[in-house]
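Read-outs: derived from the displayed coordinates by stated rules, not from any lab. Just so you know, these numbers come straight off a predicted model, no measurement behind them. Heads up, the Cβs are rebuilt from the backbone with ideal geometry, glycines too, and the neighbour counts pull from every protein chain shown.
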Amino acid sequence: MNNKDSRQNRLKLKYLSAAVEQTADSVVITNKDGIIEYVNPAFEETTGYAREEALGKTPRILKSGHHKADFYRTLWETILSGKTFEHVLTNKKKNGELFYADQTITPLKNTRGEITHFVSVWKDVTERVRHREEMEALNKSLRFEKQKFEQILDLEERIGSFSDLNKLADFIVNGIAGVLEVERCSLMLLDEKTGALAIKGAVGLDHKIMRESKPSLGEGIAGLVAKERKPLLVEVIDTDERVGRENLPSYKTKSFLSVPILLDHKLLGVVNVTDKRSPGSTVFTDFDLKILLYIVRQSAVAVENTELYKELKYLTVTDPLTNLYNYRHFMRTLDYEIDRFHRFGDPLSLLIMDVDDFKAYNETHGAARGDEILKAVGNIFSKHLREVDIICRYASDDFAVILPKTEVAQVKLIAQKITEAVSRLDPAHKITMSFGLASCHQGMTRHDFILKADAALTHAKRHGKNQLYCQEKHNAG
């Protein structure tokens with residue numbers, strides 16, 4: 001290794017170390033026996049344990065008692081087999097408080113392929129889990145008006161499709177105004193440098209107000225909600241002691257809603273709603289507030305995805321070798337697509353595939369050449385599949401593709417193109433792939449769906465390889 005390469009490697013290690021230390025996600029590194037050797041500052045902040053208290057212990061210090069012995073047995077069997085384990089765990093802080101962690105545990109191996117350490121990365125998703133639980137309780141205790149329920153589902157379906165923040169803000173305020181039947185709605189985002197709120201999207205507001213209204217934390221109603229991070233429902237502004245002011249003449253009614261936009265305890269902004277125009281009443285209710293909180297919660301995730309978090313999220317959901325999505329992202333996306341299938345009924349296909357005899361190829365030509373082939377295969381997938389298809393590196397030489405709104409016949413054509421391109425990768429040694437295809441059906445879970453596609457791949461491997469097999473259509477190619 002020359003001096004230039006050495007300097008570049010040191011620089012990469014420096015940046016990697018800084019990223020791990022500064023990331024908002026908790027990072028824990030243990031040895032093979034589970035003894036903690038490293039925790040980052042986010043771990044200390046989330047759990048309440050100082051680094052010195054955690055080092056030399058095991059992750060059992062966070063054990064909540066909410067998971068059975070079988071759960072931990074499966075966890076250890078998974079990671080000791082060299083696979084990544086992902087689950088939302090219920091953990092316990094030092095002070096006894098419970099929290100939910102979306103956790104991924106990945107084995108680290110040496111050059112001989114032996115597991116030496118485990119890296120656990122998790123995000124505190126307590127707020128998200130509790131929000132989901134609240135929404136589930138809401139669905140049980142309340143009967144949504146059919147039209148509003150459909151509007152909410154439509155918003156949820158479309159809200160994640162925006163990459164431009166301005167367009168997203170306009171979509172959110174128009175959506176809220178439609179669902180709650182209001183004349184005025186504004187979405188304000190927090191400027192972290194100045195500490196002021198600025199209107200990013202609005203319905204029914206004068207453009208001058210939109211430009212000039214920039215309250216700081218604690219200033220005015222929006223500033224108060226942002227500072228206290230609590231939703232505010234006011235029925236009559238003139239008599240509400242929390243507000244302490246008379247109604248402005250420009251407003252038609254005296255009732256309003258103002259809620260903070262929060263994501264994982266971070267304040268992103270505030271949404272304000274007033275001038276309710278529904279035939280029944282012009283006064284907002286707890287039911288209106290619950291609907292608004294649900295929409296704002298979905299909006300927070302969408303706003304975050306359009307901001308500067310994209311680069312860090314790319315690193316956490318992307319396989320470093322192939323630049324395809326990783327197993328963690330595959331599982332999350334598959335849950336989402338199955339849920340959407342059950343709601344709307346559009347066809348959904350899952351394709352699991354691997355390189356035939358890749359282990360033998362790797363041993364013959366070397367790991368470096370094997371990595372080149374996997375990268376090239378990833379490029380072929382990206383070239384021949386659509387932007388809406390979710391392409392993931394499922395395991396070592398296993399890949400998976402989630403294909404929304406795709407029938408079996410369409411997948412067969414895609415697999416043929418991939419097969420032809422892969423066969424040209426190495427003129428001296430023809431490389432082939434086997435494909436297992438499954439279609440989603442009503443009532444099917446993620447587990448069922450994956451098992452079905454995996455069984456189809458196994459059938460293709462056992463009956464000659466270099467083919468696509470689908471149980472619904474028998475041998476598809």
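In the chain, one over the average inverse separation of all distinct C-alpha pairs is 25.6 Å, which is the Kirkwood hydrodynamic radius. Computed from Cα atoms, the angle from the helix 367-384 axis to the main principal axis of the chain rounds to 50 degrees. Relative to the longest principal axis of the Cα atoms of the chain, the long axis of helix 286-306 lies at roughly 50 degrees.
Based on alpha-carbon atoms only, what is the radius of gyration of the range 318-475 relative to the globular estimate 2.2 N^0.38 Å? It would help to have the intermediate numbers written out before the result.
Working: Rg = 15.0 Å, N = 158, 2.2 N^0.38 = 15.1 Å.
Relative to the rule-of-thumb radius for its length, the range 318-475 sits at 1.00.
Considering only TYR100, ILE36, LEU232, and ranking their Cα positions along the charge dipole of the chain that arises from unit charges at the beta-carbon of Lys, Arg, Asp and Glu, the one farthest toward the positive end is ILE36. Once C-alpha pairs closer than 8 Å and six or more residues apart are averaged by separation and normalised to the residue number of the chain, the relative contact order reads 8 percent.
Taking 0.36 nm per residue of separation and subtracting the Cα-Cα distance, what length does fully extending LYS290 through THR116 add? Can you show the working numbers first?
Details: separation 174, 0.36 × 174 = 62.64 nm, distance 4.84 nm.
That works out to 57.8 nm of additional length.
Could you tell me whether the range 3-124 comes out rounded, prolate or oblate from its Cα gyration tensor? Rule is a ≥ b ≥ c as square roots of the eigenvalues, rounded for a/c under 1.5, then prolate if a/b exceeds b/c, otherwise oblate. It would help to have the intermediate numbers written out before the result.
Details: a/c = 2.22, a/b = 1.37, b/c = 1.62.
Here the range 3-124 falls in the oblate category.
Based on the Cβ-Cβ distance from SER396 to LYS63, what FRET efficiency comes out when R0 is 45 Å, to the nearest 0.05?
Values: r = 31 Å, r/R0 = 0.69.
Efficiency for this residue pair is about 0.90.
Placing a label point 7 Å from the Cα of SER161 along the Cα-to-Cβ direction, the residues of the range 317-358 with a backbone N closer than 18 Å are 336-348.
Straight Cα distances below 16 angstrom link LYS14 to the aspartates and glutamates ASP5, with same-chain residues fewer than 8 positions distant left out. Between the helical axis of 146-159 and the longest alpha-carbon principal axis of the chain there is an angle of about 50 degrees.
Simple point charges give the picture: +1 on the Cβ of Lys and Arg, -1 on the Cβ of Asp and Glu, and for the chain a dipole about the Cα centre of about 740 debye.
222 nm [θ] for the chain, helices only, -39500 (n - 2.57) per DSSP H run of 4+, per residue, to 500? Before the final figure, lay out each step's value.
Numbers: 16 runs with 210 residues, N = 477.
The helix contribution divided over the chain gives -14000 deg cm²/dmol.
FRET efficiency for the pair LEU413 and TYR336, taken as 1/(1 + (r/R0)^6) with r the Cβ-Cβ distance and R0 = 25 Å, rounds to 0.45. With the simple spin-label model, which puts each label point 7 Å out from Cα in the Cβ direction, the VAL88 to GLU133 separation comes to 1.0 nm. Checked against a 18 Å cut-off, the cross-linked pairs LYS63/LYS94; LYS148/LYS254; LYS68/LYS94; LYS83/LYS417 give Cα-Cα distances beyond that limit for LYS148/LYS254; LYS68/LYS94; LYS83/LYS417. With a simple spin-label model that places each label point 7 Å from the Cα along the Cα-to-Cβ direction, the separation between ASN305 and LYS193 comes to 2.7 nm.
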